[in-house]
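Visitor: After the structure tokens below, expect a handful of questions from me.
What follows draws every value from the coordinates through simple rules; no lab data is involved. On a predicted model such as this, the values are computed, not experimentally measured, just so you know. Glycine gets a Cβ as well: all are built from the backbone with ideal geometry, and neighbour counts include every protein chain shown.
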Amino acid sequence: MLDEKQTRDFLEWARKERPKELLRLLFAAKTATVDAFAERILESIAKTGDASMLRFLIECGLDVHHLAGLSGGKYLQVSLLSDWFDVAHLLLDYGADVNPPLGGFPYEYPPIYSAILAEEIELSIRLLEAGANVETKYVEDSTALSLAVMVGNTNLVCQLLQVGADVDSGEIWNYKTLDFAYLHRKNIYQLMLPRSRTGKTSLTMSGILSAANRGCRALSQYLDEEREQIYKNQCHQKTELEHALSAAIAEKQNFDVISLLLDFGVGPNTETVNTSPPPLLLAARSFDIVLAGRLLDAGARINSSDLLSDAAQFEEGFDILSFLIEQGADVTASGATALRSAICGNNLGGIKLLLKFGADINDAVYHDNGYSPLARAARSSEIRIIKYLVDNGATVNGPPNLIARVTPLQAAAAAGKLDVVRFLLDNGANDNANPSSLHGTTVLEASLGDTEFIITKEHEGIFQLLLDKGADINGPSARRRCKDWNSALVKLITKHSDYQLIQRALDSGANVNRHGQGKGARTPLQAAAEVGNFELVKQLLRKGAEVNAPASANYGRTALQAACSGDNPKLELVRYLLKEGAEVNAPAGIKRGLTAVQGAAIRGMVKIALVLLDAGAEVNAETAETEGRTALDGAAEHGRLDMVQILLNLGAKGEMLEDAKFGTAIKLARDNGHFAVGKLLEEAQANEILA
């Protein structure tokens, strides 16, 4: 069966050659293989938006039942995710399900959700006419109407109101839909208000703000009208009033409205509102000294969490930061977080002010992943900030511990900041400091970056510099309290580093059997096999790498398992590892592990699977204890029709579901849009029952 690249290549060829007769003959063969082929090309078209190719395939006899119902609904989700509206219209022409079940990417969103976000009015109307569910709650409790209100499209709102969308349902940014409309879409609010039940019978945030905007008498009258409801639920009154105050400040409503609410006794600390920061914090974020003073006069607590931190983040906040400190904000209690914030914002004035009033220049922040101020600056700030901190007593070699878990040099190396690394080394930083307990990384390992992507030139330069300075390529043998880590050599291999860099690590004495710890821990050989680096695999084995080093418990792979399941499985590499004594039936790691044959099945590597089976691989080997897949279930989940057929022929079993032998495999196939595979398995299930 074609993989994704082969499918794209086929469609490109078909675009140029227009092989109408060949495609007619192909589509005339009503087989499971043709169905699976059709699914692959339709999925590709849904992703690339080639509506003309879809029309051409239909002319050539493509079975349009693929475009209808659930399968069509899946393609509809995919096409709308990338704004391919012509393809979406075609799918609707052929009866695609407008309410397909939601799942993982790319099936997270209902079609109506995507159409509204794109403000496609014609398409949205078609979806509504076809029965799209407008009351389903989506991301963060949003509905179709709340999405239309959020994008501010009056025409879409009117269409949804015509089909009965509930104006009192859904939320936007933690505001009820009607309240959000009042704050941001006044014209839409006027359309929605007459249809609101709660607006007529209950105290609402938008009702309070609307009345307060008209003055003291209007607010008194509004509250009097709702007095009966208020007496019944004093807590509701307090919550709505505090919610109104919080919203008025957050959305920068008229100052007189805010002051009036405070005069009416609304609590300035909004203790009943959990979805928004305290008003004084909001005032600090907007650098509003007048508002901050008004809130303090009303009784706002000056030592609320994060107040100084938010004020210190930007240079523009110097005046509000100074004002809050003068009004009694406790720098010694929250100075560490505030200092971190000023450092991240390159706010030297804020740093100087905080240090002047007692912030500790070496106080690590526990919730900042254990970064001291200098370590945070080494990772995030300009060199002038780092020099100022060092000149004023920041510790360059603070050892990693339960609080300060990253040294400045480790932080700078991980961030790829070569100039900072040079500065710290020149000022006595230890390039062989103990590993940070945060990620278990030495400075040298940190220099290879803390992402899974390719190493940058800056990181390469730091790595070379540290080796030149004598950094130990292997680091300490024992690493306590480390969550997860891999050796420098493994990082170089998995990030597809330059061969010379890998050779430099080997020449520096890198341990070829060093096993990492935690999720995804690998030996160098396992890493090389996973990325398909055949020559490096040979070299590591010549240097004494253990071919059967066990898989780690969490997302681990033996070398053979890695070779079969990596991004670039190679048949010759698998054969070589088997020749070198790799255990074909090595057990799967406990969590998210797999056997070699399970990995080949998931990847759809038929030739590799056959080689493994010929070498004695167990087709029904036990799965990982947690988040594992049988070979059959994994192949079905990823739409490997030919692999599924081979496994069925060999007596493969899947996980039982509702007493059905292939129940899990069928569900996984259908949930991921592989309907031909699902059909094949359903037929096999029926044959099992008849037998």
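Visitor: When a/c is below 1.5 the answer is rounded, else prolate if a/b is larger than b/c, else oblate, so apply that to segment 63-190 with a ≥ b ≥ c taken from the square roots of the Cα gyration tensor eigenvalues.
Guide: It is prolate, given that a/c is not under 1.5 and a/b is the larger ratio.
Visitor: Output the direction-averaged projected area (hull surface divided by four) of the convex hull of the alpha-carbon atoms of segment 1-133, in nm².
Guide: Result: 7.6 nm².
Visitor: Can I ask one more? Given the pairs Lys387/Lys417; Lys16/Lys47; Lys47/Lys519; Lys137/Lys679; Lys457/Lys495, which span a C-alpha to C-alpha distance of over 21 angstrom in this model?
Guide: Lys47/Lys519; Lys137/Lys679
Visitor: Separate question: Could you tell me the relative contact order of segment 603-691? Use alpha-carbon pairs under 8 Å, at least six residues apart, and round to a whole percent. Mind showing how you got there, number by number?
Guide: Working: 104 pairs, mean separation 21.5, N = 89.
With pairs under 8 Å counted, the relative contact order is 24 percent.
Visitor: I've got another one for you. Just add up the charged neighbours of Phe662: K/R +1, D/E -1, any other residue whose Cβ is under 15 Å from the Cβ of Phe662. Please list the in-between numbers first.
Guide: Details: positive: Arg629, Arg640, Lys653, Lys661, Lys667, Arg670, Lys679; negative: Asp633, Glu637, Glu655, Glu658, Asp659, Asp671, Glu682, Glu683, Glu688.
That works out to -2.
Visitor: I would also like to ask the following. If one computes P(r) from the Cα atoms of segment 253-335, what percent of pairs lie at distances over 16 Å?
Guide: It works out to 47 percent of all Cα pairs.
Visitor: Quick one: compute the contact order of segment 202-301, relative version, from alpha carbon pairs under 8 angstrom and 6+ residues apart, as a percent.
Guide: Taking the mean separation of contacting Cα pairs over the length of segment 202-301, I get 25 percent.
Visitor: From the square roots a ≥ b ≥ c of the eigenvalues of the alpha-carbon gyration tensor of segment 629-691, which class results: rounded (a/c under 1.5), prolate (a/b over b/c), or oblate?
Guide: Judged from the Cα gyration tensor, segment 629-691 comes out rounded (a/c under 1.5).
Visitor: From the square roots a ≥ b ≥ c of the eigenvalues of the alpha-carbon gyration tensor of the chain, which class results: rounded (a/c under 1.5), prolate (a/b over b/c), or oblate? If you can, show how the numbers build up before the last one.
Guide: Numbers: a/c = 2.50, a/b = 1.16, b/c = 2.16.
Since a/c reaches 1.5 but b/c is at least a/b, the shape of the chain is classed as oblate.
Visitor: While we're on this one: How much net charge surrounds Gly293 when only the other residues with a Cβ under 13 Å from the Cβ of Gly293 are counted, with Lys and Arg +1 and Asp and Glu -1?
Guide: Within the 13 Å Cβ shell, the charges total -3.
Visitor: Starting from the amide H of Val406, placed 1.01 Å from N in the peptide plane, find each other amide H under 5 Å away whose residue is 5 or more places distant or on another chain.
Guide: Placed amide hydrogens put Ser372, Asn401 under 5 Å from Val406.
Visitor: If you take every residue apart from Asn687 with its C-beta less than 14 Å away from the C-beta of Asn687, what net charge results, scoring Lys and Arg +1 and Asp and Glu -1?
Guide: On the way: positive: Lys661, Lys679; negative: Glu682, Glu683, Glu688.
Here the charged neighbours net out to -1.
Visitor: Here's something else I'd like to know. Return the inverse of the average 1/r over all pairs of distinct C-alpha atoms in segment 202-301, which is the Kirkwood hydrodynamic radius, in Å to one decimal.
Guide: After inverting the pairwise mean of 1/r, the radius is 13.4 Å.
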